[in-house]
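*Asks:* The structure's right below; bear with me while I get my questions together.
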Amino acid sequence: MRGDSDDEDIIELGLQLLERLEHAELTLAETMDRIETVTTDPALVREILDTAEMRGIIEREDGIVRPNRSSFLSFEAEVVTKEGEFTCRRCGASISTGYFMNLEAGEHGPFGSSCIRKVTGRE
């Protein structure tokens, strides 16, 4: 790691997001789509992927990513809904209801209703 605590927080958030994926497998592009909700910095994206593989969170082979262990996100307990003026972190749409994931590393969002399901693998 680069040693910057902000970067470390971003990496940890990305790792926890990957741990929550409900997909059996994703293409690398689909995995990047999820990680880019945390950061678009190419170095941090690469570090999140490399660290996730090193820690056994994912396996990568031939452009396919398979989550190894998953503690699925509980929509009842770990997703908070807030009303307001938001921009979805995944698609960039303006939304009035934001869905936020409560992960140990911090709150991640907002997402629109379809994007929260897409990011977590419920859709």
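The values are calculated or read from the model by the stated rules, or taken from the named source; none is laboratory data. Quick caveat, the model's predicted, so the values are computed rather than measured. Here the Cβ is made from the backbone with ideal geometry for all residues, glycine too, and neighbour counts use every protein chain on show. Note: areas computed on protein heavy atoms with side chains; ligands, DNA, RNA excluded. Shrake-Rupley method; radii C 1.70, N 1.55, O 1.52, S 1.80 Å.
Conditions tested, residue by residue: (1) within 14 Å of Met32 (Cα to Cα); (2) under 17 Å from the mean Cα position of the chain (by Cα); (3) not small (Gly, Ala, Ser).
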| residue | (1), (2), (3) |
| --- | --- |
| Asp50 | yes, yes, yes |
| Ile57 | no, yes, yes |
| Thr97 | no, no, yes |
| Asn102 | no, yes, yes |
| Ala105 | no, yes, no |
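*Asks:* Give me the residue from the range 3-37 that is of a type in the set (Val, Ile, Thr) and closer than 16 Å to Gly121 by Cβ and, out of that set, farthest from the chain's Cα centre (by Cα).
*Replies:* Of the range 3-37, the ones of a type in the set (Val, Ile, Thr) are 10-11, 27, 31, 35, 37.
Now narrow it down to the ones that are closer than 16 Å to Gly121 by Cβ: 27, 31, 35, 37.
Working: Thr27: 15, Thr31: 9, Ile35: 5, Thr37: 6 Å.
Selected residue: Thr27.
*Asks:* Just the residues that are farther than 17 Å from Asp9 by Cβ and open to solvent by 60 Å² or more (accessible area, probe 1.4 Å), please, taken from the range 88-98.
*Replies:* Passing the criteria: Arg90, Cys91, Ser94, Ser96.
*Asks:* Starting from residues that are assigned to a helix (DSSP H, G or I) and open to solvent by less than 20 Å² (accessible area, probe 1.4 Å), keep the ones in the range 105-119 and report whichever is nearest to Lys82 (Cα to Cα).
*Replies:* For the range 105-119, the residue satisfying everything is Ile116.
*Asks:* Can I ask one more? For Asn102, which of the numbered conditions (1) on the phi > 0 side of the Ramachandran plot; (2) free of Cβ contacts under 8 Å to residues at least 60 places away in the same chain fails to hold?
*Replies:* (1)
*Asks:* For the range 31-48, enumerate the residues that are out of contact with any Lys or Arg (no Cβ under 9 Å at 6 or more places or on another chain), assigned to a helix (DSSP H, G or I) and loosely packed, with under 14 Cβ neighbours inside 10 Å.
*Replies:* Once the filter is applied, which keeps residues that are out of contact with any Lys or Arg (no Cβ under 9 Å at 6 or more places or on another chain), assigned to a helix (DSSP H, G or I) and loosely packed, with under 14 Cβ neighbours inside 10 Å, the range 31-48 yields Pro42, Arg46.
*Asks:* Taking only the range 49-78 into account, find how many residues are surrounded by 15 or more Cβ atoms within 10 Å (Cβ to Cβ) and either at pLDDT 90 or above or assigned to a loop (DSSP other than H, G, I, E, B) (or both).
*Replies:* 9
*Asks:* Failed condition for Glu8, given (1) out of contact with any Leu (no Cβ under 9 Å at 6 or more places or on another chain); (2) surrounded by 13 or more Cβ atoms within 10 Å (Cβ to Cβ); (3) at pLDDT 95 or above, with all others met?
*Replies:* With (1) out of contact with any Leu (no Cβ under 9 Å at 6 or more places or on another chain); (2) surrounded by 13 or more Cβ atoms within 10 Å (Cβ to Cβ); (3) at pLDDT 95 or above applied to Glu8, the lone miss is (3).
*Asks:* In addition: Determine which member of the set Glu85, Glu78, Glu59, Glu53 is under 19 Å from Glu8 (Cβ atoms) and among the charged types (D, E, K, R). Can you show your working first?
*Replies:* Working: Glu85 fails: under 19 Å from Glu8 (Cβ atoms); Glu78 fails: under 19 Å from Glu8 (Cβ atoms); Glu59 fails: under 19 Å from Glu8 (Cβ atoms).
None of the others qualify; the one that does is Glu53.
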